[in-house]
Amino acid sequence: MAEVKTNTRRPTMPKGPMRGRGMPVAKGAIKKGTLPRLLKMMFKYYKWQAIIILLCIFLNSFGSLVASLFTKTLVDEVITPGIKLGLGEVQGTFISLIITMALAYIVVVLAGFFWHRIMATVAQGMLYHFREDMFKKMQTLPIKYFDTHAHGEIMSLYTNDTDATRQLIGQSLPTLLSSSLTLVVSISFMLWYSFWLALVVFVCTFAMTMVVKYIGGNSAKYMVAQQTSLAEEEGFIEEMMKGQKVVKVFTHEEKAKEDFDKYNEKLFHDSEQAHIFGNILGPILSNIGNFTYVLLAIIGGILFTIQAPNVGISSIIEGIAPISIGMIIAFLGLSRSFTQIVNQMSQQISMIAMGLAGASRIFALMDEESEVDEGYVTLVRAKRDENGELVETTERTGLWAWKHYHKEKNTTTYIELKGDIVMDMVDFGYTPDKQVLYDISLYAKPGQKIAFVGATGAGKTTITNLINRFYDIADGKVRYDGININKIKKADLRRSLGIVLQDTNLFTGTVMDNIRYGRLDATDEECIEAAKLANAHDFITRLPDGYDTMLTNNGANLSQGQRQLISIARAEVADTPVMILDEATSSIDTRTEALVADGMDKLMHGRTVFVIAHRLSTVRNSDAIMVLDHGRIIERGTHDQLIEQKGVY
Amino acid sequence: MNMVKTLLKSVRQFKKPSLITPLFMVLEAFCECLIPFFMAKMINEDVLASPDAMRTILTYGLVLVLLAVVSLTSGVLAGRFAAKASCGFASNLRHDLFYRVQKFSFSNVDKFSTSSLVTRLTTDVTNVQQSYQMCLRIAIRVPLQFIFAIIMSFTINHKLAWIFVVIAPLILVVLLVIIRYVMPFFRRIFKKYDALNNSIQENVGGIRVVKSFVREDYEVKKLQKAAGEVRDDFTKAEKILALNNPIMSLFINVAVLIISYLGATFIINDGFSHGGVLPEGAFDAAQLSALTTYGVQILSCCMMFSMVFVMITMSFESARRISEVLNEESDIVSPENGVKEVKNGSIRFENVSFKYAKTAHAYALSDIDLDIQSGETVGILGGTGSSKTTLIQLLPRLYDATEGNVYVGGVNVKDYDLDTLRKEVSIVLQKNVLFSGTIKENLRWGNENATDEELVRVCKLAQADEFIRSFPDGYDHYIEQGGTNVSGGQKQRLCIARALLRKPKVLILDDSTSAVDTKTDALIRHAFKEEIPDTTKIIIAQRVGSVEHADKILVMDGGKIIACGNHAELMAGSAIYREIYEAQTRKSEQTEGGVA
């Protein structure tokens, strides 16, 4: 427990949903091409807005530039001549200058206003699209993805990483753009005035870049370390909080504190370093700026005193002449804003790195391989025509059929949905190198109840996972009503299978909503009917708001047994010809279970049922019982037959 | 304010850096205010035009370099101390929170959900940390800088500086109005944001259900709605906040224009009236430019101030959530000089009633009177919600009885030293947890100093040895967080072994073999009987078979013991017991016989 582990990501047994937060993987890695892809996405969804924002940023920078020349113009064209000639003489220029300025300021204010306002729409809209696209993609991913990624890790894409991209899109990129514009303009101005002085600024800028590289690099390094330590500590806290009751029962509080302190100490160290480097970058850069100013003043003073010939772009027009006072003053002003901008840009570096790393991870999810579905056989509502043949219909007949299109003959046949399942010599392994099921063959006629028993880890759950194609078999065949399930569209296949899983998952919403999850168009009456069959009705009516009671936190306000009763009702509402029950009744007390079993019996007519259970009482009346051991069926038969055999059963 | 006091208690050893930081910040602010002043003095037309220009430049240059060095040093030191103070404060807060939670009783734990505790220890602490650093670095510096700048502008020209004094409060008011208007939006957004993340989390956790019921489209619609709401509210809020920047620059620009107009007029008139030359020391263009610089500084102080205000207000909610945990008093505390020895495993309940919350109407347990001899095996049967678990949780004082008394080894449980009691009354919880780490590490939760032989012995008792050995790494097999890589039955057996390692006087199994097959279940019970005969064993079970051979069987219903006796007595005397028994053994006598 004590040492901080580095290799906790091991291949996970795909059994039940993984909980908790895993260690973060390769934080801070930025994939190439992330920025172009991000921009492309932005232009795809918000072409006009993006263009207007660009325009606004441009106008804003331009306006600011005009404004920055204001003081110089005021001095040169109004004050200096005014002192000599009097206010009356310069009044005209003065007023028009003030008006020009006011206009420039209005442009700056308006451009800024629209820029930020439209940016709000774009940034938030982009986040929405990120979430939507990721979520849509996630719905298509195979179960394997969820087995191999910690849930905390997936969640972090929607929270931390999405937030990081918000900073990037809404703040860092525009700032960077407008800063670069100003930077280009001030560089041009500097070169316009004087190469010599510009050289001084560039040398100092080089020094600044080195500082940014060193301090910024360290800041980023420790920022990443801080994130990792934070995630590690969060993982530890989550585990301990979840197991808090166990901690208490074993009076393990002191040990937990001791372990916690280790994580906390490491986090303290990393975050302190990250903050130190982050905090000192600003003062160092702005004071390099101050040094630059002094240096420029001195060199400018020397140049002026010795009347050295000045060279700048302006020299092309005005010819080479000694540096002027106005030029030095203007240059100093430029150098101040120049270093300020460099400082401003450097503050964005870590934000940009974090944002791009987040976007990389988001795009990585979007690039994950979807569940492959090559099925073409679909499930349709059907009715019998006058000849007794099945035909497709839109009416609710209660009759369903598989619509099977035969390519080579160009014909379509309809096969009634009955719930006949055949597994033929099926082999399977979660990974190619480790087989978990061998030669599984079984036949389930419509309406039959097939039970799987066997020690834990024998492969019972795995078999049911193959029927609904959560995983694809390695060898052999599974047939549903005589059709190879690989030919059936996954959605239609799953729609024809009802399932009650080992771990019940309820969703935030009312009890009614949760039952209706099985079939969205079920009426309230149908839901209540299903709840009655599952014997959930009694306890539901005793809840504070009955069927309208809100369930939160996976139904934390219900007992385990009650949650399972609801999940059984949910499967019943789905009204499917095949039902898979995975230890569905393990936490229901025997009396309740007897009631459920009773309801099940009524419902069993016309249904094929696969049951996984440890208790004999739940499997006793099955048509066939499969005894599994280490991935093989070692015995099969009815209850009585198996007793006769006196085998493992 | 009480809340702030609670939090500040956690500053402790970081008081010094917390106090030093503002000092250096003040120094830095002071330098930063003087720098433009000397810059204006160092270089202007008069200076450059005068013959000893270089001397002036070098003198002021030296002053400026000195100021920059001081500013740099104080800035860097302030940065370091601020980092130490804020990170240390956060570290202490996390420490205090975690330690406080370790003190919690079960009912305290029930009050806060796991995820909310995790958020409080991470996100909330980070928020408070940021605000704290902001307070140290900016909240003190900004007002000072504001005052410095005002003073400087008055020194330059007191006739023009009043404009700032008029505009600054205006700007502040406008910004605060915007914030006031936006804050409710943000509060609402946080809630919607939580709901959004919650729905994603449910989807990830329940992905098998989603796929089984082919509800992908439905889930996507749900997300679109939730994400859309977040987007709409956020956009609204940000659009209002988008006013901040332009309004800010509007005010600054208006101020600059007024100052420029009035200043220029003043200089021109002054100069013209003196025959085209400004008198020595009069207000000139350079000073006008310095004045504008200070003006911008004053107004950006207002901006900063409003930003700090937003940050701090936003972290108030986090601070509240943290102090809620820190102020939560554990309602079960170990008595001073508690009894350190549990004599034997006898148990007595005397008129015990219990309800989970004081305000609850219904009692979860009522009128429990019960006597159990040391070494007895007791089975408890009853329907879901019949308070079986509640009953046994009173023994190790996971909860305290509301009325009546509970005795273990002849002593009231409230008189025991809590650690002693819980060590001797070991419970295998229904919702049990394994922690990430090897099997050995997990088992040693029971007893840190247990030898490997002891581990093997208890695992054999719990019928876990065999499957542990089947793992490639055996007892060093790594258990994933939450024990996801062992099956339910294996997990339960490991939990039993862990509890056995404590060698308790009372061992309680709360439905701890539900996922274990009947055969193994029987073997475990058999091992208990043979190997730990002196330990009192209380077994809550769903299967009659698990408790059939117990010395005493309690049948519970609605928080009451409705029948008590051994199997034969109950078969004769309790209709409910008979009903359960028959329901479970119907048609299966031969099977049970065949297995056992």
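The values are calculated or read from the model by the stated rules, or taken from the named source; none is laboratory data. Given the structure is predicted, the values throughout are model-derived calculations rather than measurements. Don't worry about glycine lacking a Cβ; one is built from the backbone with ideal geometry, like all the others, and counts go over all protein chains shown.
Quick look at the numbers
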quantity: Sole exception among (1) buried (at least 21 other Cβ atoms within 10 Å of the Cβ); (2) over 26 Å from B:Leu72 (Cβ atoms) for A:Leu197, by number; calculated: (2)
quantity: Helices (runs of 4 or more DSSP H) completely within the stretch A:65-156 that count 2 or more residues being of a type in the set (D, E, K, R); calculated: A:87-140, A:143-148
quantity: Selected residue [in a helix (DSSP H, G or I) and surrounded by 24 or more Cβ atoms within 10 Å (Cβ to Cβ)] from B:Arg94, B:Arg80; calculated: B:Arg94
quantity: Every residue from the stretch A:129-149 that is surrounded by 20 or more Cβ atoms within 10 Å (Cβ to Cβ) and farther than 15 Å from B:Arg208 by Cβ; calculated: A:Phe130, A:Arg131, A:Met134, A:Phe135
quantity: Lone unmet requirement of (1) modelled with pLDDT under 90; (2) more than 9 Å from chain A (Cβ to nearest Cβ) for B:Ala85; calculated: (1)
quantity: In the stretch B:499-553, residue surrounded by the fewest Cβ atoms within 10 Å (Cβ to Cβ) [restricted to those that are among the β-branched types (Val, Ile, Thr) and within 11 Å of chain A (Cβ to nearest Cβ)]; calculated: B:Thr518
quantity: Residue satisfying condition, being within 8 Å of chain A (Cβ to nearest Cβ), in contact (Cβ under 8 Å) with a residue 40 or more places away in the chain and surrounded by fewer than 21 Cβ atoms within 10 Å (Cβ to Cβ), within set B:Leu243, B:Leu278; calculated: B:Leu243
quantity: Hey, B:Glu202 facing another protein chain (nearest Cβ under 9 Å), acidic (Asp, Glu) and in a helix (DSSP H, G or I) or not; calculated: yes
quantity: Test: residue in the stretch B:207-221 that is surrounded by 21 or more Cβ atoms within 10 Å (Cβ to Cβ), polar (S, T, N, Q) and either more than 29 Å from A:Leu334 (Cβ to Cβ) or touching a strand residue (DSSP E or B) at 6+ places or on another chain (Cβ under 6 Å) (or both); calculated: yes
quantity: Enumeration of residues in the stretch A:78-113 that are buried (at least 18 other Cβ atoms within 10 Å of the Cβ), in contact with a Cys (Cβ under 9 Å, 6 or more places away or on another chain) and not small (Gly, Ala, Ser); calculated: A:Phe113
quantity: Any helices (runs of 4 or more DSSP H) falling wholly within the stretch B:348-456 and containing at least 2 residues that are of a type outside the set (A, V, I, L, M) and surrounded by fewer than 19 Cβ atoms within 10 Å (Cβ to Cβ); calculated: B:418-424, B:439-443
quantity: Leading residue by the ranking (nearest to A:Pro142 (Cα to Cα)) among those in the stretch A:373-388 that are in contact (Cβ under 8 Å) with a residue 12 or more places away in the chain and not charged (D, E, K, R); calculated: A:Gly375
quantity: Tally, over the stretch B:100-114, of residues that are facing chain A (nearest Cβ under 8 Å) and part of a helix (DSSP H, G or I); calculated: 6
